[in-house]
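Structure, as structure tokens:
Any read-out appearing in this document is the output of simple, stated calculations on the displayed coordinates, not a laboratory observation. This structure is a prediction, so every number in the text was calculated from the model and none was measured. Ideal geometry is used to build each Cβ from the backbone, glycine not excepted, and the neighbour counts take in all protein chains shown.
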Amino acid sequence: MHDGSMRDLSDLHRPDAPASTAATSSALRALPPVHRLVDGDGARALLAEFPRPAVLGAIRAHLAAVRRQLRDGAAAAIPAFDEPAFFAIVRADLDRRRLAGLRRVVNATGIVLHTNLGRAPLAAEAVDAVAEAARGYANLEYDLESGRRGARDGAVEELLRELTGAEAALVVNNNAAAVLLALSGLAAGGEVVVSRGELVEIGGSFRIPDIVRQGGARLVEVGTTNKTRLADYEAAITADTRVLLKVHQSNYRIVGFTGAVPAEALAALVRNHDGAPAVVEDLGSGTLVDLRRFGLPYEPTVGDRLAAGIDLVTFSGDKLLGGPQAGVIVGCRDLVDRLRRHPLLRALRVDKMTLAALAATLRLHLDPERLVRAVPVLRMLAQDEAALRARAVRLRDETAAAAPGLAAHLRLDEGVSYAGGGSLPGTEIATVLIALSPPDGLSVDEIARRLRTSEPAVVGRIEAGCLLLDMRTVADDEVPEIARALAAAVVTAP
Ligand SMILES: *Cc1c(COP(=O)(O)O)cnc(C)c1O
């Protein structure tokens with residue numbers, strides 16, 4: 001440690017310590033030693049709450065800071081050591097560190113697939129499968145029939161084939177990895193043709209031109225930002241072309257005078273070419289069900305894309321599929337086999353918990369009747385207004401009961417939710433909100449901060465000076481938790 005927090009008082013007598021006035025020296029000498037602080041009354045409550053090494057570390061760190069202040073400060077203004085103030089700062093430090101790990105968040109943003117909040121909450125069946133896989137051993141790469149080594153994602157591949165009609169499937173760490181593997185395996189040393197309207201950045205530095213380069217291929221751009229024609233692709237195909245890549249415009253829309261070539265037209269274009277390039281489509285969200293069932297706009301399903309003749313389709317496990325973080329590659333057997341043999345696969349493969357969660361989520365997709373109730377992402381997207389309104393009324397009433405002074409500041413309102421996570425870009429989904437206008441003396445930012453740092457954390461959004469809590473992404477059993485957090489946020493002192 002470089003901040004001196006591990007030193008004890010004897011360090012003060014080192015010859016290289018800066019020269020101090022007599023007052024500073026005596027104030028430094030008067031500081032209690034670490035052992036007296038940690039074993040004294042002031043630390044007792046902290047030790048009941050936090051592990052001793054953590055308390056000790058926080059005391060040392062703050063004591064070092066006090067010493068630094070004494071050495072740097074003006075001799076005339078040296079205060080006496082204030083033990084309660086000292087421990088208040090130590091507690092604040094420990095509390096802050098407690099917030100630093102992965103904590104449960106109540107998502108009241110209305111963004112169903114909020115990437116910063118971990119995207120899809122898993123179905124109960126998937127959670128159970130993860131726990132079971134995590135607890136003990138599993139036949140991860142072991143064929144129980146023969147007692148020999150088996151394929152890591154064998155069971156998941158079966159399910160994916162059944163659900164999408166694909167010949168073969170492969171699972172990797174996320175969709176970014178799926179695209180990288182597809183390009184590395186099929187296009188390294190050659191060319192990848194992409195429309196200028198689809199040179200997407202997804203965020204978190206996933207940019208198509210970079211992924212093509214990282215895959216060892218050369219990017220050939222065709223068309224313009226707003227219009228790309230089949231003839232543009234046709235003219236770009238050379239003996240070096242390995243892949244025609246289509247990318248879903250996940251987080252933007254090009255409107256107006258536009259035109260794009262569907263991947264099936266590309267598939268038809270290359271079908272009768274010798275040594276034809278592969279047509280790969282990065283579908284982004286990739287749903288297995290027709291979302292029109294839930295009153296949402298049509299998104300091509302993975303099965304639809306394969307039926308249209310696309311060679312390989314890649315998509316995420318934790319977007320509209322509602323499963324764990326994963327990337328799925330489905331399509332022609334010979335192409336998938338090539339990717340399976342690629343050395344990069346070892347670095348991109350998933351663990352047993354991911355496979356367990358993905359298999360359980362896929363199994364739920366086999367039963368369309370249960371699917372919407374069982375998979376939280378689909379359940380949240382499909383909720384009707386009556387359910388949202390009932391939840392909002394409950395939240396308003398429970399909050400008003402816990403903090404009667406807040407009743408006049410709470411209002412039911414209508415607004416919009418989003419699928420988020422690069423799914424259904426631009427689609428506004430009508431929702432019901434609770435809007436909180438801040439009571440006198442409290443800013444909306446401060447209320448939002450207190451909710452974020454409560455246990456569990458509650459995250460909403462701020463609009464026009466009000467805190468908005470969207471009922472679409474909130475579960476019924478989270479309503480009492482939000483009510484409690486709201487009541488505490490407006491009564492506790494800053
Ligand atoms: C979301 C998305 C990705 C990245 O997927 P991850 O699973 O987050 O790695 C890649 N391409 C498109 C088109 C996407 O929408």
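Against the test of being crowded, with 17+ Cβ neighbours inside 10 Å and over 27 Å from the mean Cα position of the chain (by Cα), the options ALA357, ALA326, ALA278, ALA307 yield a single qualifying residue, ALA278. Of all residues in region 288-308, none are within 23 Å of GLN214 (Cα to Cα) and within 15 Å of the ligand (Cβ to nearest atom).
Only residues that are crowded, with 17+ Cβ neighbours inside 10 Å and among the hydroxyl-bearing types (Ser, Thr, Tyr): list them for region 192-245, please. Once the filter is applied, which keeps residues that are crowded, with 17+ Cβ neighbours inside 10 Å and among the hydroxyl-bearing types (Ser, Thr, Tyr), region 192-245 yields SER195, THR228, TYR233, THR241.
Set side by side, the residues ALA124, ALA120, ALA131 differ, and just one is within 21 Å of the chain's Cα centre (by Cα), within 30 Å of GLU428 (Cα to Cα) and surrounded by fewer than 14 Cβ atoms within 10 Å (Cβ to Cβ), which is ALA124. Is it the case that some residue within region 98-112 is at negative phi and in a helix (DSSP H, G or I)? Yes, because at least one residue in region 98-112 is at negative phi and in a helix (DSSP H, G or I). If you go through region 246-264 and pick out every residue that is farther than 24 Å from GLY203 by Cα, surrounded by 16 or more Cβ atoms within 10 Å (Cβ to Cβ) and not acidic (Asp, Glu), you end up with 1.
Take the residues in region 157-191 that are of a type in the set (A, V, I, L, M, F, W, C) and within 10 Å of the ligand (Cβ to nearest atom), then tell me which one is surrounded by the fewest Cβ atoms within 10 Å (Cβ to Cβ). First the steps, then the outcome.
From region 157-191, those of a type in the set (A, V, I, L, M, F, W, C) are 159-160, 163, 166, 168-172, 176-183, 186-188; that's our starting set.
Checking which are within 10 Å of the ligand (Cβ to nearest atom) leaves us with 172, 176-180.
Details: VAL172: 27, ALA176: 19, ALA177: 22, ALA178: 30, VAL179: 27, LEU180: 24.
Ranking the candidates gives ALA176 first.
Hey, can you tell me all the residues within region 195-233 that are in a strand (DSSP E or B) and away from the ligand (no atom under 12 Å from the Cβ)? Result: SER195, ARG218, LEU219, VAL220, GLU221, VAL222, LYS227. Just to verify a result, which residue in region 451-477, among those that are of a type in the set (Asp, Glu) and under 20 Å from GLY415 (Cα atoms), is surrounded by the most Cβ atoms within 10 Å (Cβ to Cβ)? If we take residues in region 451-477 being of a type in the set (Asp, Glu) and under 20 Å from GLY415 (Cα atoms), then ASP470 is surrounded by the most Cβ atoms within 10 Å (Cβ to Cβ). Scanning region 327-350 for residues being free of Cβ contacts under 8 Å to residues at least 12 places away in the same chain and either of a type outside the set (D, E, K, R) or within 16 Å of the ligand (Cβ to nearest atom) (or both) gives a total of 2.
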